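The values are calculated or read from the model by the stated rules, or taken from the named source; none is laboratory data. What you see is a predicted model; the values in this text were computed from it and never measured. Note that we place each Cβ from the backbone using ideal geometry, even for glycine, and neighbour counts take in every protein chain shown. Protein only, heavy atoms only, side chains kept; ligands, DNA and RNA dropped before computing areas. Shrake-Rupley method; radii C 1.70, N 1.55, O 1.52, S 1.80 Å.
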Amino acid sequence: MNSIKILDNDSITAVKLLPVVIEITSQERRMIKDAAEHLQKKYGSYENRDFIRHVHQLASYFLPERILNMAADFASDFSKDQYGALIFKGLMDIDQENIGNTPANWQSADYSKFNLYGFACALVHGALPSKPVQYYSQRKGGGLIHAIIPDEKMKETQTGSGSSTDLYVHTEDAFLKHQADFLSFMYVRNEEQVPSTLYSIRSHEVIGENYHPLFEPIYKIPKDANLETGMNEEDTLDSVLYGNKKLPFIRFDAAEQLFSSSIRQSDKAQHYLEEFWEEARHLIYSDFTPQAGDVILVNNHLCAHGRSAFRAGVRHIDGIEHPCERRIMLRMMSKVSLIDMRGHTLTEDPFFVIEEHLGKNFQHF
Ligand code: RE
């Protein structure tokens, strides 16, 4: 259903698995907005733990039935036809005037302006059902939503604040055992028209013999570019593929595992990674350019994400450069189970993950 079928004489050939695109109707958009406004009145902020604790019930109550059904299917479909990303086009109308000028960086963002959108994103995760969480390993927590804003000073980096280089495809927090299960990316503005990139492990025709080495725990997976590299950090290894042998999940970060100068994989690991990347890189999908109000929902065990390089604050119209407001994206991450990762969450807040690197927690908690 979610692959493009081409009629080739008499036979139907599946060309490539693609993410499902769902056009939100104006009636559905109205329902979501009404729900977000109602919940904002009741709970104040999407950070309110009373809201987050009840997010599944509230999602069932408030979200359009079609979205509830799609989310429920998405959360437990790991089949060969499941790409691992859903694109909701026009989930919310964004009040651009209220947002105002894009701040210089995420540190200076006014989160009260994103409050309504936070409620909407949380409800979508709630429908999966999965619980919004935050990670100390990113921005020391920093709340259930992270605003991703290009920062002039960070433009060369492989982080959300970067812009001038391609952000290689990666599963989020590949260096954590308890990485997010699901991610949402809500585009507040993308005037530069930057395409998002997605890469699904399901895009490979088959996971055959030559993939077996990727199930071995022999690959270095360093902490990401947001963190200073710890001095006494032992090289911890993990597999790239895991779960079901025929229809596996993936933990992978191209920039960190393959192209980082500070990391040296073993010859064997490097060989298998390169072989894998040689096939994977041709399966990256970059034909979707998100518009304001669109949401990409990702299963972080099936689908990696990234984005193309761009010049922040510049848009091209008929080949001519025009200044524009810089891009803003809101990222939310969620976990299906708070119980499985309880050894890695704050005593007082099971929604706050303190895992530092592959099962090891930050020491000062
Ligand atoms: Re990411």
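Pairs over the 23 Å Cα-Cα cut-off, from the set Lys177/Lys223; Lys177/Lys220; Lys89/Lys245; Lys246/Lys360; Lys155/Lys335; Lys113/Lys177: Lys89/Lys245; Lys246/Lys360; Lys155/Lys335; Lys113/Lys177. A protection proxy built from the mean count of other Cβ atoms within 10 Å ranks the segments 163-173, 24-34, most packed first, as 163-173, 24-34. Hey, for a label at Ser45 modelled as a point 7 Å past Cα toward Cβ, could you say which residues of the range 341-361 have their backbone N under 17 Å away? Answer for the range 341-361: 349-353. Springs between Cα atoms under 10 Å define the GNM used for the chain, and in it the highest mean-square fluctuation of Phe114, Phe252, Phe182 occurs at Phe114. Projecting the Cα atoms of His170, Ala120, Val55 onto the charge dipole of the range 44-180, computed from C-beta unit charges around the Cα centre, puts Val55 farthest toward the positive end. Computed from label points 7 Å out along Cα-Cβ, the spacing between Asp81 and Ser286 is 3.0 nm. Our helix-only sum for the chain, with -39,500 (n - 2.57) per DSSP H run of n ≥ 4 divided by its residues, gives a mean residue ellipticity at 222 nm of -6000 deg cm²/dmol. Across the chain, the relative contact order, built from alpha-carbon pairs under 8 Å that are at least six residues apart, equals 25 percent.
Restricting the calculation to Cα atoms, the range 21-124 shows an Rg/Rh of 1.00 when the hydrodynamic-style radius is the Kirkwood one.
With the cut-off at 34 Å, report for the chain the share of all Cα pairs above it, as a whole percent. Value for the chain: 24 percent of Cα pairs lie more than 34 Å apart.
Counted by Cβ distance under 12 Å from Phe288, the other residues give a net charge of 0, where Lys and Arg count +1 and Asp and Glu count -1. The protection proxy used here, the mean number of other Cβ atoms lying within 10 Å of each residue, ranks peptides 189-199, 298-308, 352-362 as follows, highest first: 298-308, 189-199, 352-362.
Between Ile250, Ile67, Ile263, the Gaussian network model of the chain with springs among Cα atoms under 10 angstrom shows the greatest mean-square fluctuation at Ile263. All other residues whose Cβ lies under 13 angstrom from that of Gly313 are scored, Lys and Arg at +1 and Asp and Glu at -1, for a net of 0. With contacts taken as Cα pairs under 8 Å at a separation of at least 6 residues, the range 291-365 carries a relative contact order of 13 percent. Placing +1 on the Cβ of every Lys and Arg and -1 on the Cβ of every Asp and Glu, with nothing else charged, gives the chain a dipole about its Cα centre of roughly 760 debye. Positive contributions from Lys and Arg (+1) and negative ones from Asp and Glu (-1), summed over other residues with Cβ under 9 Å from the Cβ of Asp93, come out at +1. Compute the Cα gyration tensor for the range 98-239, then decide on rounded, prolate or oblate, letting a ≥ b ≥ c be the square roots of its eigenvalues: rounded whenever a/c is under 1.5, prolate when a/b is larger than b/c in the other cases, and oblate in all that remain. It is prolate, given that a/c is not under 1.5 and a/b is the larger ratio. For the listed peptides 147-153, 291-297, 321-327, a ranking on the average number of other beta carbons within 10 Å per residue, highest first, reads 291-297, 147-153, 321-327. Residues in the chain average 46 Å² of solvent-accessible surface per residue, probe 1.4 Å, ligands and nucleic acids excluded.
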